[in-house]
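For reference, the structure discussed in these notes is given below.
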Amino acid sequence: MSMEFVINIAERAVMTTLFIAGPLLIIALVVGLVISIFQATTQIQEQTLAFIPKIIAVLVGLVIFGPWMLSQILSYTENIFLNLYKFVG
């Protein structure tokens, strides 16, 4: 197993992780920003107000993006196993 091969797999792992986590993080960021603007304009400083909408938004995003995320993970895993099979076999 060459150093280039290992670096390529690690690079793909990081990119796959960013692609999978990205949509949910963006959803949480947008909802948090909207809640912060709402709190600033109404001067409601309740700390728990931001958590419930974020959790709900991330769960909805998980339902929407879940199949795509699963297909990305499965594609990456299949690629790893195929490369290991080529290396061993």
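The values are calculated or read from the model by the stated rules, or taken from the named source; none is laboratory data. Please read these numbers as outputs of a predicted model, since none were measured by experiment. Reconstructed Cβ throughout: ideal geometry from the backbone, glycine too, with neighbour counts over all protein chains shown.
Checking the stated criteria, Gln72 turns out to be under 13 Å from the mean Cα position of the chain (by Cα) and surrounded by 13 or more Cβ atoms within 10 Å (Cβ to Cβ). On the given criteria, is Ser71 small (Gly, Ala, Ser) and either at pLDDT below 95 or in contact with a helix residue (DSSP H, G or I) (Cβ under 9 Å, 6 or more places away or on another chain) (or both)? Taking the combined requirement at face value, the residue does not satisfy it. Against the numbered list (1) modelled with pLDDT of 95 or more; (2) over 30 Å from Ile7 (Cα atoms), Phe51 comes up short only at (1). Consider the range 1-45 and keep the residues that are touching a residue at least 60 places away in the same chain (Cβ under 8 Å) and part of a helix (DSSP H, G or I). The one that is farthest from Asn83 (Cα to Cα) is Thr16. Among the residues of the range 50-59, those identified as without any contact (Cβ under 8 Å) to a residue 24 or more places away in the chain and surrounded by 15 or more Cβ atoms within 10 Å (Cβ to Cβ) are Ala50, Pro53. Count of the range 2-41 residues, restricted to those that are over 10 Å from the mean Cα position of the chain (by Cα) and aromatic (Phe, Trp, Tyr), is 2. Pairs meeting the criteria (first residue in the range 60-86 and under 15 Å from Arg12 (Cβ atoms), second residue part of a helix (DSSP H, G or I), beta carbons under 7 Å, at least 6 apart or on different chains) are Gln72/Thr16; Gln72/Phe19; Gln72/Ile20; Ile73/Ile20; Tyr76/Arg12; Tyr76/Thr16; Ile80/Ile9.
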